[in-house]
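Here's the structure we're looking at; comments come further down.
The values are calculated or read from the model by the stated rules, or taken from the named source; none is laboratory data. As the structure is a prediction and not an experimental result, all values here were calculated from the model. Virtual Cβ from ideal backbone geometry, glycine too; neighbours counted across all protein chains shown. Just the protein is used for accessible areas: all its heavy atoms, side chains included, with ligands, DNA and RNA removed. Shrake-Rupley method; radii C 1.70, N 1.55, O 1.52, S 1.80 Å.
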Amino acid sequence: MKTKRILLKSRPKGMPDESNFQLEEQELKGPENGELLLKALYISVDPYMRGRMSDAKSYVPPYELYKPITGGVVAEVLESRNDKYTTGDVVMGNLPWETYNISNGKGLTKVDPDVAPLSYHLGLLGMPGLTAYCGLLYIGDPKPGETVVVSGAAGAVGTVVGQIAKLKGCRVVGIAGSDDKIDFLTKELGFDEGINYKATDNIKEALEHACPDGVDVYFDNVGGPISDAVYSLLNKFARIAICGQIAYYNATSPPTGLRVEPILLKKSCLMKGFIVSDYADKFGDAAKDLVSWLREGKLQYEETITDGFENLPEAFLGLFKGENTGKQLVKVAEPSKK
Ligand code: NAP
């Protein structure tokens, strides 16, 4: 049988574009003993993948040129020659951007289709949801009545951070890039205030208005001038979780800006960068809480689902233009009918 796959064709300088990707078809052989034939159902696109497209050293190795991009995938087992899996199982793992794939089963986890829609396992119940939970609760440590500011608020991580902060009794202010996103945060998700940074000349002034009691927790998904504005409002003993710095992911020169250390010193603040895997020992608790909150209707979950494997590069590039609300995914195929 044939599989479609998408390779890294060239390493981008600055903002990536479609020319950095190559779509091709390949003959697929197998599965051999111990292997599985997988059909991709949903593929996740995530901002961190931009880092892997360049060859700079980071916490995950760079993608190799002319090899498939890899990332979070929910897939169905079409054929199993591996004792641990049977035909019809749904699995999740770090897999290549391929419509069909032969896997030895290592690193895959089975997905229970009764817990939530399959796609949620790449978002709310997957890496972004765990990131929101662990970064907010273990670094932000929000207390009732405190003010929590989240940047990148309308994305996969940000929407979950803001809602958990509300569950913890906080005043929540979200910063995002369109009026529709702000309406969604305040009217649908229960954020107290939202700031459209693209339509605001003076973010600091807007933040002063939205945070009359200052900022106790800042969950930073973006960095850059948005963060500089938040830092001027930090309260004594504020906590800052550095989750993402998307404002710099396409930068071609080292970013410059505010020196934040004097503020951290004078206000006795804690600033901590983290990678979600740092909290692997907490994932069990986090998943339990996220599933309960979802079932109890305390957490809403939003997705932007693009149809069609060929549209993976476009969906990925859209992350840097703010085209998604909630988790951006690509739907590749329907599960087979049982
Ligand atoms: P996301 O927020 O769903 O998508 C990215 C969003 O970033 C876009 O929708 C866009 O929304 C915003 N954006 C793009 N360029 C921007 C810029 N120059 N300035 C400000 N905002 C910009 O992505 P996500 O998966 O939830 O990830 C959010 C952040 O967390 C990313 O930085 C990601 O790398 C990071 N992350 C870190 C970890 C970890 O382990 N530390 C894990 C997962 C994610 P607007 O319309 O609001 O501009």
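From the residues in the stretch 254-274 that are in contact with a Ser or Thr (Cβ under 9 Å, 6 or more places away or on another chain) and either assigned to a loop (DSSP other than H, G, I, E, B) or within 14 Å of the ligand (Cβ to nearest atom) (or both), which one is nearest to ASP216 (Cα to Cα)? Break it down stepwise before answering.
From the stretch 254-274, those in contact with a Ser or Thr (Cβ under 9 Å, 6 or more places away or on another chain) are 257-258, 260, 263, 274; that's our starting set.
When the remaining residues are screened for being either assigned to a loop (DSSP other than H, G, I, E, B) or within 14 Å of the ligand (Cβ to nearest atom) (or both), the result is 257-258, 260, 274.
Values: GLY257: 22, LEU258: 19, VAL260: 16, PHE274: 18 Å.
Ranking the qualifying residues of the stretch 254-274, first place goes to VAL260.
With the condition being more than 19 Å from the chain's Cα centre (by Cα) and of a type in the set (A, V, I, L, M), I'd like the helices (runs of 4 or more DSSP H) fully within the stretch 113-183 carrying at least 1 qualifying residues.
156-167
Restricting the search to the stretch 160-205, which residues are buried (at least 24 other Cβ atoms within 10 Å of the Cβ) and near the ligand (Cβ under 8 Å from one of its atoms)?
The answer is ILE175, ALA176, LYS181.
Of all the residues that make up the stretch 138-159, how many are more than 14 Å from the ligand (Cβ to nearest atom), closer than 16 Å to PHE274 by Cα and out of contact with any strand residue (DSSP E or B) (no Cβ under 8 Å at 6 or more places or on another chain)?
Quick first cut of the stretch 138-159, residues more than 14 Å from the ligand (Cβ to nearest atom) only: 141-148.
Restricting the remaining residues to those that are closer than 16 Å to PHE274 by Cα gives 141.
Restricting the remaining residues to those that are out of contact with any strand residue (DSSP E or B) (no Cβ under 8 Å at 6 or more places or on another chain) gives none.
Number of matching residues: 0.
Scanning the stretch 294-328 for residues that are among the aromatic types (Phe, Trp, Tyr) and crowded, with 19+ Cβ neighbours inside 10 Å, which turns out nearest to ALA116 (Cα to Cα)? Please lay out each step first, then the result.
Taking the stretch 294-328 first, the residues among the aromatic types (Phe, Trp, Tyr) are 301, 309, 316, 320.
Narrowing further to those that are crowded, with 19+ Cβ neighbours inside 10 Å: 301, 309, 316.
Numbers: TYR301: 11, PHE309: 23, PHE316: 24 Å.
That would be TYR301.
Say whether the condition of being away from the ligand (no atom under 11 Å from the Cβ), in contact with a Gly (Cβ under 6 Å, 6 or more places away or on another chain) and at pLDDT below 95 is met by at least one residue in the stretch 279-301.
For the stretch 279-301, residues away from the ligand (no atom under 11 Å from the Cβ), in contact with a Gly (Cβ under 6 Å, 6 or more places away or on another chain) and at pLDDT below 95: absent.
Please find, among PRO47, PRO12, the residue that is within 15 Å of the ligand (Cβ to nearest atom) and open to solvent by 40 Å² or more (accessible area, probe 1.4 Å).
Matching residue, one of PRO47, PRO12: PRO47.
Does at least one position in the stretch 240-252 carry a residue that is under 25 Å from PRO16 (Cα atoms), open to solvent by less than 30 Å² (accessible area, probe 1.4 Å) and either outside the structural domain of GLY135 (by TED's automatic domain parsing) or near the ligand (Cβ under 9 Å from one of its atoms) (or both)?
yes
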